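Visitor: If you scroll down you'll find the structure; I have some questions about it.
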Amino acid sequence: MSSHHIVKEKQEPALIVSDVEALDAELFGQLLEWTPTIIANESSAIKLAEQGLNIDIIVSHHETFTQQDNVTLIYQEGSSFIDTALNFLVRQGYPAVNILSSDLSPAKLSPYLDLINIVIFQDGKKIYAIRSGFNKWATANEIIDSYASKPISTKGLMKINLHQYKTQQDGLYEIYFDEPRIFIAEKINF
């Protein structure tokens with residue numbers, strides 16, 4: 001198979017950058033391999049531009065000077081940077097987004113879960129929403145964090161504390177709950 005791929009517009013997840021340093025440089029590079037649409041706030045846009053990366057969209061409270069061509073400016077009115085960016089992506093028909101952040105509460109993203117698939121990279125973790133009955137193969141002793149507001153039941157996981165579990169062995173684990181979706185987090189192995 002050729003190393004060259006044809007990617008249709010909006011086929012790959014967009015990338016919202018709230019904090020450039022929220023992810024290891026190598027993993028950040030992997031997210032950029034398919035040239036996603038990059039949305040940044042002003043401070044992240046400056047850091048990305050310094051690294052020679054092209055930003056597609058800047059969310060700002062005021063007019064922002066940029067030395068890059070073809071940058072779309074979105075005015076942030078009243079809502080947060082993340083909300084403004086997500087609302088834009090939903091209106092544009094993007095099916096998925098990766099978010100780099102250092103201080104984002106997954107619960108604040110619940111209103112978007114029926115509109116766009118969301119993965120958050122934060123604090124060395126990959127955080128994403130799941131439905132009841134979720135299962136995944138993992139190696140023994142992996143840590144899984146739950147952001148559920150109600151108790152969950154599991155198979156293949158041992159409870160460590162209120163919201164943290166550990167895989168018991170190599171193999172599938174399962175998670176069940178009574179909410180439409182919950183967020184879980186897994187540690188990113190560098």
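The values are calculated or read from the model by the stated rules, or taken from the named source; none is laboratory data. All values derive from a computational prediction rather than experimental measurement. Using ideal geometry, Cβ is built from the backbone for each residue, glycine included, and neighbour counts are taken over all protein chains shown.
Visitor: Looking at the range 139-154 only, could you name the residues that are assigned to a strand (DSSP E or B) and surrounded by fewer than 12 Cβ atoms within 10 Å (Cβ to Cβ)?
Guide: Within the range 139-154, Ser153 is the sole residue that qualifies.
Visitor: Being touching a Phe, Trp or Tyr at 6+ places or on another chain (Cβ under 6 Å) and at pLDDT 95 or above narrows it down to one of Ala129, Ala148, so name that one.
Guide: Ala129
Visitor: Oh, and also: Got a number for residues in the range 157-190 being surrounded by fewer than 18 Cβ atoms within 10 Å (Cβ to Cβ) and in a loop (DSSP other than H, G, I, E, B)?
Guide: So the answer is 12.
Visitor: Still on this model: Taking Ala96, is it within 13 Å of the chain's Cα centre (by Cα) and modelled with pLDDT of 95 or more?
Guide: Against the criterion (within 13 Å of the chain's Cα centre (by Cα) and modelled with pLDDT of 95 or more), Ala96 qualifies.
Visitor: Identify all residues within the range 16-52 that are assigned to a helix (DSSP H, G or I) and not hydrophobic (A, V, I, L, M, F, W, C); write none if there are none.
Guide: Glu21, Glu26, Gly29, Gln30, Glu42, Ser43, Ser44, Lys47, Glu50
Visitor: Is it true that Thr139 is of a type in the set (Val, Ile, Thr) and modelled with pLDDT under 90?
Guide: Judged against the criteria, Thr139 is not a match.
Visitor: Separate question: Cβ-Cβ below 7 Å, separation at least six or inter-chain, first residue in the range 127-147 and assigned by TED's automatic domain parsing to the domain that holds Ile175, second surrounded by fewer than 18 Cβ atoms within 10 Å (Cβ to Cβ) and of a type in the set (Gly, Ala, Ser): which pairs?
Guide: Pairs that qualify, where the first residue is assigned by TED's automatic domain parsing to the domain that holds Ile175 and the partner is surrounded by fewer than 18 Cβ atoms within 10 Å (Cβ to Cβ) and of a type in the set (Gly, Ala, Ser), are Trp137/Gly171; Tyr147/Ala107.
Visitor: Testing Pro111 on (1) touching a residue at least 12 places away in the same chain (Cβ under 8 Å); (2) closer than 21 Å to Ala185 by Cβ; (3) not small (Gly, Ala, Ser), one condition comes back false. Which one is that?
Guide: (1)
Visitor: Quick one: Gly156 ticks every box in (1) in contact with a Lys or Arg (Cβ under 8 Å, 6 or more places away or on another chain); (2) of a type in the set (Gly, Ala, Ser); (3) without any contact (Cβ under 8 Å) to a residue 24 or more places away in the chain except a single one, so which number is it?
Guide: It fails just one condition, (1).
Visitor: Residues that are touching a residue at least 40 places away in the same chain (Cβ under 8 Å), surrounded by 15 or more Cβ atoms within 10 Å (Cβ to Cβ) and not assigned by TED's automatic domain parsing to the domain that holds Pro36: does the range 72-89 have at least one?
Guide: No, the range 72-89 contains no residue that is touching a residue at least 40 places away in the same chain (Cβ under 8 Å), surrounded by 15 or more Cβ atoms within 10 Å (Cβ to Cβ) and not assigned by TED's automatic domain parsing to the domain that holds Pro36.
Visitor: Working only within the range 104-130, note down all residues that are of a type in the set (D, E, K, R) and closer than 20 Å to Ile175 by Cβ.
Guide: Within the range 104-130, Asp114, Lys125, Lys126 meet the criteria.
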